[in-house]
Amino acid sequence: MLRDVNDLAAAVREDACLYLPERLHRKAVWAYLGPVLFAWGSCYFFLFVLQPSIATAWWVIALVVGTAMGMCWWQLRRFTYRVRWVLNMSLRTLLPAQAAGPAIPLDPAHSIGIMPGPPDHGSLSCEVEFRHRTAGPIATLFAVELQSSDTETLSMQMGTLDRCVDELAARLGIRRSGGRLMPVY
């Protein structure tokens, strides 16, 4: 399971087939469940203090537990690892994972590049995409969140992502298009 740029770098070097998610991020799912459960528990506590007769009714307890479980289920589904593309290095094909679409054969007319993505919750985002010389962009393989308040770590992540794209291009026998990521100093 790819979670960050370092996982991607190891997979690009070693794996014959890459299962690429929609987004590479290192957000812990349970980090979001804690505040949800705390908020619901606090609301129920205040309801119990202010209106104990209502708070102890079976339907209120069922409603509180049901909505808390619903919020937890929604958070888990939101951050679940979903494979978007399967990149087969040996066959040099790109296959959509969800839809039963045809495999895209990669030839020397294709290229791979990085483009800046939209900022997401204060973190820098980049998108890695396949392009064709005449048809233009074919597919956004994945987006990467580069999170760090430390500029040195951010620059190292950007360099690692650049090397990953270079190595992907070399292994697939295609060219790299677009510019390099500019290090932050």
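The values are calculated or read from the model by the stated rules, or taken from the named source; none is laboratory data. Note that the structure is a prediction, hence the values are computed from the model and not measured. Positions of Cβ are generated from backbone atoms using ideal geometry, with glycine treated the same way; all protein chains shown enter the neighbour counts. Heavy atoms of the whole protein, side chains included, go into the accessibility calculation; ligands, DNA and RNA do not. Shrake-Rupley method; radii C 1.70, N 1.55, O 1.52, S 1.80 Å.
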**Message:** If residue 9 satisfies all but one of (1) surrounded by 15 or more Cβ atoms within 10 Å (Cβ to Cβ); (2) modelled with pLDDT under 80, what's the number of the condition it fails?
**Reply:** (2)
**Asked** Scanning for something modelled with pLDDT under 80, loosely packed, with under 13 Cβ neighbours inside 10 Å and closer than 30 Å to residue 86 by Cβ, does region 29-49 turn up at least one residue?
**Response** yes
**Prompt:** What are the pairs, 6+ residues apart or on separate chains, where a residue within region 99-112 that is farther than 16 Å from residue 137 by Cβ has its Cβ under 7 Å from a residue that is of a type outside the set (A, V, I, L, M, F, W, C) and surrounded by 10 or more Cβ atoms within 10 Å (Cβ to Cβ)?
**Reply:** 103/93; 105/92; 105/93; 108/173
**Asked** Hey, among 123, 111, which residue is open to solvent by less than 40 Å² (accessible area, probe 1.4 Å), touching a strand residue (DSSP E or B) at 6+ places or on another chain (Cβ under 8 Å) and modelled with pLDDT of 90 or more?
**Response** 111
**Message:** If I filter region 129-185 down to residues being at pLDDT 85 or above and aromatic (Phe, Trp, Tyr), which single residue comes out as farthest from residue 91 (Cα to Cα)?
**Reply:** 142
**Prompt:** Which one is farthest from residue 128 (Cα to Cα) among residues in region 162-185 that are among the small types (Gly, Ala, Ser), open to solvent by 40 Å² or more (accessible area, probe 1.4 Å) and not in a helix (DSSP H, G or I)?
**Reply:** 173
**Item:** Single unsatisfied condition, residue 159 versus (1) surrounded by fewer than 17 Cβ atoms within 10 Å (Cβ to Cβ); (2) under 14 Å from residue 106 (Cα atoms); (3) under 19 Å from the mean Cα position of the chain (by Cα)
**Value:** (2)
**region 65-84, residues that are modelled with pLDDT under 75 and either polar (S, T, N, Q) or in contact with a Cys (Cβ under 7 Å, 6 or more places away or on another chain) (or both)** = 75, 80
